[in-house]
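Scroll down for the structure; my scribbles are underneath it.
Laboratory data are not the source of any read-out in this text; all were calculated from the coordinates shown. None of these values were measured; they are calculated from a predicted model. Cβ atoms come from the backbone with ideal geometry, glycine included; neighbour counts cover every protein chain shown.
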Amino acid sequence: MAGCVPYPVYKTLQPASTATVRDEQGRPVADAAVTLVSSAYPYGREKSRETQLTLPDGVAAFAARREWRTEVLALHGWEEYFWNWCVQKEGFATYRTRYGAAADFPTDVNVVLRAGESQPCAAGLSADQPGSPR
């Protein structure tokens, strides 16, 4: 069991982030459901999600969530968080991302919704599972 010594770590469970949603003509889209999905490796499972409706200016903002945790370095590594966006509004094609690393995640994203069929942001999907958003 060498190397299995617990150590404290201050984890970012959700970064402070903002999504600005506009239509194809550049107009702000109000009341779009913007979902910030938090997942974590080593298994790529969804840990949590938070949904905000965009304001009249098309902006949805999310506060950072962090906490102290105790971790143990194991064969599979440590718990590493990553995040994805899902934006849904009736009359528009659902916008989804598929980032697999925290370094790839844009904390200030501009989303252009295109006319099309809206689908719900399915719960439980992650970057490693079949049927994941693309």
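Annotations for the structure displayed:
- Listed values for region 9-25 are Karplus-derived 3J(HN,Hα) couplings in whole Hz (6.51 cos²θ - 1.76 cosθ + 1.60, θ = phi - 60°), namely 8, 9, 8, 8, 7, 7, x, 5, 7, 9, 10, 10, 10, 9, 8, 5, 8, and x replaces Gly and Pro.
- The chain - Cys residues lacking any other Cys C-beta under 4.7 Å: Cys4
- Sequence-distant residues sharing a close amide H with Val21 (under 5 Å, placed H): Val29, Val59, Ala60, Val111
- Amide H partners (placed H, <5 Å) of Leu13, local residues excluded: Arg65, Arg66, Glu67
- Residues of region 1-41 with amide N under 17 Å of the 7 Å Cα→Cβ point at Val72: 1-9
- Computed from backbone phi with θ = phi - 60° and the Karplus coefficients 6.51, -1.76 and 1.60, the 3J(HN,Hα) list for region 41-53 is 8, x, 9, x, 7, 5, 9, 6, 8, 9, 10, 10, 8 Hz; x is used for glycine and proline.
- Coil-residue trypsin sites (Lys or Arg not before Pro) of region 40-124, DSSP, other Cβ within 10 Å capped at 11: Arg114
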